[in-house]
Amino acid sequence: MADLDDIRDGDNFGLNTPADTSSFYLKGMNSTDWGIKNRMARIFNRKSGNTVMLAFDHGFLMGPTSGLERIDLNIAPLAEYADCLMGTRGMIRSSIPAENTKPVCLRTDTGTTILTEMNHNVLISEEEAISMNAAAMAAMISVGDAATEASTIANFSKLVDLGNKYSIPVMGVTAVGKDMARDSRYFGLAARVCAENGASIVKTYYTEGFENVVAACPVPVVIAGGKKLPELEALELAYNAIDCGASGVDMGRNVFQSDCPLGMIKAVAGVVHEGLKPAEALEIYKSEKG
Ligand code: 5RP
């Protein structure tokens, strides 16, 4: 039986303070469940509204690509400077210490490598995502690829069903179709298809006219960094994306293939969270590099 001694009636009802009816700080999220909002709030900084996700999922397609030979040595030390870690279950379990408290965006599609026809992927189980305490799940859609468009969108749609069941946001990753122009028309279409299918976050590539891609996507958009660029150019890419309305980056190679990954992730964070100009952020990279 509950302890009935000394039961005190409440007398502090804050009668002069109306209940908060303000809306959630990320676009397109107002009608989502508390659990999705809570996970999104772990990924996206409350003050800037943006995120620096560190992507190191490349190995499931590419194997031990440059900069990812040893996730324990190359990626784990960067975790504290990222807002979210994006990787596969195998690398996170084996190489990221469980003491890590940064949210994980778990790559949940798998099945092919760069050695064969790609993107004939399947999903790992939602139980895996739950057991890994995932803050988000990511899967790719191959818009414009006749062989895999339908199956990857079906995968994605199923993942959103599962994500909604357990209130885990799903990030749509827009692959670049082999024969598609890398322009805002294509990425705008691919991003919109992710959102139409229930994505809470869309990851795509920066391109000319990116403001239209972001405007037509009703949920937060983050950009991939793409192939390794000189550091200043990578910072310009991040700056331009934020300037066009992106909500952050999910960057991989331009961080872990830099000659100073720590300086680079700090510099990217300066652009994404503090609005530093690329040249200002470059100074952070340079001073870390020494
Ligand atoms: C590919 C991915 C990668 O994580 C993505 O390409 C981000 O990495 P990078 O900044 O190196 O492009 O999702 O499917």
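Figures for the structure shown
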| item | result |
| --- | --- |
| Residues located in segment 169-191, provided they are touching a helix residue (DSSP H, G or I) at 6+ places or on another chain (Cβ under 6 Å) and surrounded by fewer than 24 Cβ atoms within 10 Å (Cβ to Cβ) | Met180, Ser184, Gly188 |
| Any hit, segment 271-288, residues being among the basic types (Lys, Arg), in contact (Cβ under 8 Å) with a residue 40 or more places away in the chain and in a helix (DSSP H, G or I) | no |
| Matching residues, segment 224-233, being aliphatic (A, V, I, L, M), more than 9 Å from the ligand (Cβ to nearest atom) and outside any loop (DSSP other than H, G, I, E, B) | Leu232 |
| One residue from Leu189, Leu237 being in contact with a Phe, Trp or Tyr (Cβ under 6 Å, 6 or more places away or on another chain) and touching a residue at least 12 places away in the same chain (Cβ under 8 Å) | Leu237 |
| Of the criteria (1) surrounded by 14 or more Cβ atoms within 10 Å (Cβ to Cβ); (2) within 16 Å of the ligand (Cβ to nearest atom); (3) among the hydroxyl-bearing types (Ser, Thr, Tyr), which one Thr32 fails | (2) |
| Qualifying position, being within 23 Å of Leu237 (Cα to Cα), within 16 Å of the ligand (Cβ to nearest atom) and free of Cβ contacts under 8 Å to residues at least 40 places away in the same chain, among Gly59, Gly67, Gly87 | Gly87 |
| Residue pairs meeting the criteria (Cβ under 7 Å; at least 6 apart or on separate chains; first charged (D, E, K, R), in segment 145-174; second within 16 Å of the ligand (Cβ to nearest atom) and not in a loop (DSSP other than H, G, I, E, B)) | Lys158/Leu123 |
| Cβ pairs under 8 Å, 6+ apart, first in segment 20-41 and on the phi > 0 side of the Ramachandran plot, second surrounded by 10 or more Cβ atoms within 10 Å (Cβ to Cβ) and part of a helix (DSSP H, G or I) | Gly28/Ala195 |
| Of all residues in segment 232-263 being surrounded by fewer than 21 Cβ atoms within 10 Å (Cβ to Cβ) and among the charged types (D, E, K, R), the one that is nearest to Leu85 (Cα to Cα) | Asp259 |
| Members of segment 240-252 found to be in a helix (DSSP H, G or I) and within 17 Å of the chain's Cα centre (by Cα), listed by number | Ala241, Ile242 |
| Qualifying positions in segment 234-252 - touching a Pro at 6+ places or on another chain (Cβ under 6 Å) and away from the ligand (no atom under 15 Å from the Cβ) | Tyr239, Ser247 |
| Failed item in (1) buried (at least 19 other Cβ atoms within 10 Å of the Cβ); (2) modelled with pLDDT under 95; (3) within 13 Å of the ligand (Cβ to nearest atom), with Asp145 passing the rest | (3) |
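So that you can scan it fast, the table gives a plain yes or no per residue for (1) farther than 22 Å from Leu262 by Cβ; (2) at pLDDT below 95; (3) assigned to a helix (DSSP H, G or I):
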{"site": "Phe24", "(1), (2), (3)": "yes, no, no"}
{"site": "Gly28", "(1), (2), (3)": "yes, no, no"}
{"site": "Asn45", "(1), (2), (3)": "no, no, no"}
{"site": "Ser48", "(1), (2), (3)": "no, no, no"}
{"site": "Val52", "(1), (2), (3)": "no, no, no"}
{"site": "Leu73", "(1), (2), (3)": "no, no, yes"}
{"site": "Gly90", "(1), (2), (3)": "yes, no, yes"}
{"site": "Arg93", "(1), (2), (3)": "yes, no, yes"}
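The values are calculated or read from the model by the stated rules, or taken from the named source; none is laboratory data. Keep in mind that this is a model prediction, so the values were computed, not measured. No Cβ is skipped: glycine too gets one built from the backbone with ideal geometry, and neighbour counts run over all protein chains shown.
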